[in-house]
(Lines give C-alpha, C1' and ligand atoms only; values in the text may rest on other atoms or scores of the structure.)
Protein backbone atom coordinates (compact mmCIF):
# COMPACT_ATOMS: atom_id res chain seq x y z
CA UNK A 1 0.00 0.00 0.00
CA UNK A 2 1.32 3.43 -0.98
CA UNK A 3 0.92 6.16 1.63
CA UNK A 4 -0.47 8.92 -0.59
CA UNK A 5 -3.52 11.06 -1.28
CA UNK A 6 -4.23 12.01 -4.88
CA UNK A 7 -6.05 15.26 -5.68
CA UNK A 8 -6.97 15.73 -9.34
CA UNK A 9 -8.39 18.51 -11.50
CA UNK A 10 -11.16 17.51 -13.91
CA UNK A 11 -11.51 19.72 -17.00
CA UNK A 12 -8.57 19.38 -19.37
CA UNK A 13 -6.94 16.89 -17.01
CA UNK A 14 -9.38 13.97 -16.87
CA UNK A 15 -11.36 15.28 -19.85
CA UNK A 16 -9.68 16.01 -23.15
CA UNK A 17 -10.99 19.58 -23.22
CA UNK A 18 -12.51 22.13 -20.86
CA UNK A 19 -16.20 21.24 -20.57
CA UNK A 20 -17.58 24.60 -19.48
CA UNK A 21 -15.48 26.58 -21.95
CA UNK A 22 -16.70 24.42 -24.82
CA UNK A 23 -20.31 24.69 -23.59
CA UNK A 24 -20.04 28.48 -23.52
CA UNK A 25 -18.45 28.66 -26.97
CA UNK A 26 -21.23 26.62 -28.53
CA UNK A 27 -24.39 27.77 -26.74
CA UNK A 28 -23.93 30.99 -24.74
CA UNK A 29 -24.71 34.49 -25.93
CA UNK A 30 -21.68 36.49 -26.98
CA UNK A 31 -21.64 38.45 -23.69
CA UNK A 32 -19.83 35.52 -22.06
CA UNK A 33 -16.60 36.64 -23.77
CA UNK A 34 -16.82 40.13 -22.21
CA UNK A 35 -17.11 38.49 -18.79
CA UNK A 36 -14.15 36.24 -19.62
CA UNK A 37 -12.08 39.29 -20.57
CA UNK A 38 -12.81 40.91 -17.20
CA UNK A 39 -11.58 37.74 -15.48
CA UNK A 40 -8.44 37.61 -17.62
CA UNK A 41 -7.70 41.24 -16.73
CA UNK A 42 -8.12 40.41 -13.04
CA UNK A 43 -11.14 42.66 -12.58
CA UNK A 44 -13.29 39.80 -11.24
CA UNK A 45 -12.56 36.44 -9.63
CA UNK A 46 -13.34 33.11 -11.28
CA UNK A 47 -16.41 32.52 -9.07
CA UNK A 48 -18.01 35.76 -10.24
CA UNK A 49 -16.92 35.01 -13.80
CA UNK A 50 -18.59 31.61 -14.10
CA UNK A 51 -21.59 32.74 -12.04
CA UNK A 52 -22.28 35.53 -14.54
CA UNK A 53 -21.42 33.40 -17.57
CA UNK A 54 -24.01 30.78 -16.62
CA UNK A 55 -26.66 33.47 -17.00
CA UNK A 56 -25.74 34.14 -20.64
CA UNK A 57 -27.43 31.02 -22.01
CA UNK A 58 -30.77 31.20 -23.79
CA UNK A 59 -33.53 28.83 -22.67
CA UNK A 60 -32.17 25.33 -23.32
CA UNK A 61 -33.75 21.94 -23.85
CA UNK A 62 -32.63 19.03 -21.70
CA UNK A 63 -31.82 16.94 -24.78
CA UNK A 64 -29.44 19.64 -26.04
CA UNK A 65 -27.59 19.68 -22.74
CA UNK A 66 -27.41 15.88 -22.55
CA UNK A 67 -26.22 15.58 -26.15
CA UNK A 68 -23.46 18.06 -25.37
CA UNK A 69 -22.37 16.12 -22.30
CA UNK A 70 -22.25 12.94 -24.39
CA UNK A 71 -19.76 14.67 -26.70
CA UNK A 72 -17.16 15.15 -23.93
CA UNK A 73 -14.43 12.52 -23.88
CA UNK A 74 -12.08 11.57 -21.06
CA UNK A 75 -8.51 10.29 -21.18
CA UNK A 76 -8.89 6.65 -22.25
CA UNK A 77 -6.32 5.54 -19.66
CA UNK A 78 -8.13 7.15 -16.71
CA UNK A 79 -10.45 4.20 -15.82
CA UNK A 80 -7.51 1.77 -15.62
CA UNK A 81 -5.56 4.34 -13.63
CA UNK A 82 -8.44 4.57 -11.15
CA UNK A 83 -8.44 0.78 -10.79
CA UNK A 84 -4.73 0.91 -9.99
CA UNK A 85 -5.18 3.74 -7.47
CA UNK A 86 -7.90 1.74 -5.69
CA UNK A 87 -5.74 -1.40 -5.66
CA UNK A 88 -3.04 0.57 -3.84
CA UNK A 89 -5.57 2.08 -1.39
CA UNK A 90 -4.54 5.59 -2.45
CA UNK A 91 -7.21 8.13 -1.50
CA UNK A 92 -8.47 9.84 -4.67
CA UNK A 93 -10.34 13.15 -4.89
CA UNK A 94 -11.55 15.23 -7.82
CA UNK A 95 -11.16 18.93 -7.06
CA UNK A 96 -12.61 21.11 -9.80
CA UNK A 97 -13.68 24.69 -10.38
CA UNK A 98 -16.24 23.26 -12.79
CA UNK A 99 -19.72 21.94 -12.01
CA UNK A 100 -20.92 18.68 -10.48
CA UNK A 101 -23.74 18.56 -13.05
CA UNK A 102 -21.24 17.99 -15.86
CA UNK A 103 -18.66 15.99 -13.91
CA UNK A 104 -21.06 13.38 -12.57
CA UNK A 105 -22.85 12.87 -15.89
CA UNK A 106 -19.58 12.53 -17.82
CA UNK A 107 -18.15 10.02 -15.34
CA UNK A 108 -21.42 8.05 -15.26
CA UNK A 109 -21.19 7.56 -19.02
CA UNK A 110 -17.89 5.76 -18.40
CA UNK A 111 -19.45 3.83 -15.49
CA UNK A 112 -17.24 5.66 -12.97
CA UNK A 113 -18.94 6.33 -9.65
CA UNK A 114 -18.34 6.68 -5.92
CA UNK A 115 -15.57 9.24 -6.27
CA UNK A 116 -15.14 12.03 -3.77
CA UNK A 117 -15.81 15.24 -5.75
CA UNK A 118 -15.26 18.82 -4.62
CA UNK A 119 -16.78 21.17 -7.20
CA UNK A 120 -19.26 23.95 -7.77
CA UNK A 121 -22.92 22.97 -7.89
CA UNK A 122 -25.19 23.43 -10.90
CA UNK A 123 -28.91 22.79 -11.21
CA UNK A 124 -30.67 22.69 -14.57
CA UNK A 125 -34.39 23.34 -14.33
CA UNK A 126 -36.98 24.72 -16.74
CA UNK A 127 -34.30 25.49 -19.32
CA UNK A 128 -32.21 27.62 -16.93
CA UNK A 129 -29.11 27.10 -14.81
CA UNK A 130 -28.76 27.85 -11.11
CA UNK A 131 -25.29 27.93 -9.53
CA UNK A 132 -24.09 27.33 -5.99
CA UNK A 133 -20.57 27.51 -4.55
CA UNK A 134 -20.25 25.43 -1.36
CA UNK A 135 -16.44 25.43 -1.43
CA UNK A 136 -15.91 29.15 -1.95
CA UNK A 137 -13.89 31.05 0.65
CA UNK A 138 -13.25 34.78 0.82
CA UNK A 139 -9.58 34.06 1.54
CA UNK A 140 -9.02 32.39 -1.86
CA UNK A 141 -6.31 34.26 -3.77
CA UNK A 142 -8.08 33.94 -7.10
CA UNK A 143 -11.62 34.17 -5.69
CA UNK A 144 -12.32 30.80 -7.28
CA UNK A 145 -15.63 29.02 -6.89
CA UNK A 146 -13.72 26.13 -5.35
CA UNK A 147 -10.73 27.10 -3.25
CA UNK A 148 -8.56 24.12 -4.13
CA UNK A 149 -5.91 25.02 -1.56
CA UNK A 150 -8.52 24.98 1.20
CA UNK A 151 -9.96 21.65 0.01
CA UNK A 152 -6.51 20.06 0.15
CA UNK A 153 -5.69 21.53 3.56
CA UNK A 154 -9.06 20.49 4.98
CA UNK A 155 -8.76 16.89 3.77
CA UNK A 156 -5.05 16.38 4.21
CA UNK A 157 -3.96 13.41 6.32
CA UNK A 158 -0.68 14.41 7.95
CA UNK A 159 0.84 10.94 7.59
CA UNK A 160 0.28 10.88 3.83
CA UNK A 161 2.00 12.68 0.98
CA UNK A 162 0.03 14.71 -1.56
CA UNK A 163 -0.03 13.90 -5.27
CA UNK A 164 -1.72 16.46 -7.51
CA UNK A 165 -2.57 16.44 -11.23
CA UNK A 166 -3.77 19.43 -13.22
CA UNK A 167 -3.44 21.47 -16.37
CA UNK A 168 -4.33 25.11 -15.87
CA UNK A 169 -4.73 28.40 -14.06
CA UNK A 170 -7.09 27.12 -11.37
CA UNK A 171 -4.39 24.65 -10.30
CA UNK A 172 -1.56 27.15 -9.76
CA UNK A 173 -2.16 27.72 -6.06
CA UNK A 174 -3.05 24.11 -5.30
CA UNK A 175 0.19 22.98 -6.93
CA UNK A 176 2.15 24.57 -4.11
CA UNK A 177 0.53 22.15 -1.65
CA UNK A 178 1.65 19.02 -3.52
CA UNK A 179 4.58 16.80 -2.66
CA UNK A 180 4.54 15.57 -6.27
CA UNK A 181 2.95 17.61 -9.07
CA UNK A 182 1.83 15.96 -12.30
CA UNK A 183 1.26 18.75 -14.78
CA UNK A 184 0.48 19.57 -18.39
CA UNK A 185 -0.57 22.66 -20.29
CA UNK A 186 -0.12 26.03 -18.61
CA UNK A 187 0.35 24.36 -15.22
CA UNK A 188 3.47 22.62 -16.51
CA UNK A 189 4.87 25.94 -17.75
CA UNK A 190 4.01 27.55 -14.42
CA UNK A 191 5.76 24.75 -12.56
CA UNK A 192 8.88 25.19 -14.65
CA UNK A 193 8.90 28.98 -14.32
CA UNK A 194 8.43 28.89 -10.55
CA UNK A 195 10.80 25.93 -10.10
CA UNK A 196 8.29 23.75 -8.25
CA UNK A 197 9.96 20.70 -6.74
CA UNK A 198 9.01 17.19 -7.92
CA UNK A 199 7.37 18.47 -11.11
CA UNK A 200 6.45 15.68 -13.51
CA UNK A 201 5.05 16.40 -16.94
CA UNK A 202 2.43 14.00 -18.29
CA UNK A 203 0.19 13.49 -21.28
CA UNK A 204 -2.07 10.70 -20.05
CA UNK A 205 -2.83 8.87 -16.83
CA UNK A 206 -0.95 5.72 -17.78
CA UNK A 207 2.22 7.83 -17.52
CA UNK A 208 1.27 8.86 -13.98
CA UNK A 209 0.55 5.24 -13.11
CA UNK A 210 3.96 4.18 -14.39
CA UNK A 211 5.65 6.94 -12.39
CA UNK A 212 3.89 5.92 -9.17
CA UNK A 213 4.75 2.26 -9.73
CA UNK A 214 8.40 2.80 -10.53
CA UNK A 215 9.42 5.99 -8.71
CA UNK A 216 7.30 6.33 -5.57
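At a glance:
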| item | result |
| --- | --- |
| Residue in the stretch 114-121 that is in a helix (DSSP H, G or I), closer than 20 Å to residue 168 by Cβ and touching a helix residue (DSSP H, G or I) at 6+ places or on another chain (Cβ under 7 Å) present | no |
| Test: residue in the stretch 101-109 that is farther than 24 Å from residue 168 by Cα, at pLDDT 95 or above and not in a helix (DSSP H, G or I) | no |
| Spans of helices (runs of 4 or more DSSP H) in the stretch 142-216 with at least 1 residues farther than 19 Å from residue 81 by Cβ and under 17 Å from the mean Cα position of the chain (by Cα) | 148-155, 172-175, 185-193 |
| Verdict on residue 31 being surrounded by 13 or more Cβ atoms within 10 Å (Cβ to Cβ) and either under 21 Å from residue 133 (Cα atoms) or touching a helix residue (DSSP H, G or I) at 6+ places or on another chain (Cβ under 9 Å) (or both) | no |
| Every residue from the stretch 188-216 that is in contact with a helix residue (DSSP H, G or I) (Cβ under 6 Å, 6 or more places away or on another chain), touching a residue at least 40 places away in the same chain (Cβ under 8 Å) and within 13 Å of residue 167 (Cα to Cα) | 205 |
| Flag if residue 56 is over 20 Å from the mean Cα position of the chain (by Cα) and not in a loop (DSSP other than H, G, I, E, B) | no |
| Count of residues meeting criterion [in contact with a helix residue (DSSP H, G or I) (Cβ under 7 Å, 6 or more places away or on another chain), more than 28 Å from residue 27 (Cα to Cα) and part of a strand (DSSP E or B)] in the stretch 66-100 | 2 |
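Here is a yes/no grid of residues against (1) at pLDDT 95 or above; (2) surrounded by 16 or more Cβ atoms within 10 Å (Cβ to Cβ); (3) within 28 Å of residue 131 (Cβ to Cβ):
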position	(1), (2), (3)
146	yes, yes, yes
151	yes, yes, yes
158	no, no, no
162	yes, yes, no
168	no, yes, yes
182	yes, yes, no
191	yes, yes, no
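The values are calculated or read from the model by the stated rules, or taken from the named source; none is laboratory data. As the structure is a computational prediction, the values presented were derived from the model and not from experiment. Cβ: placed from backbone, ideal geometry, glycine included. Neighbour counts: every protein chain shown.
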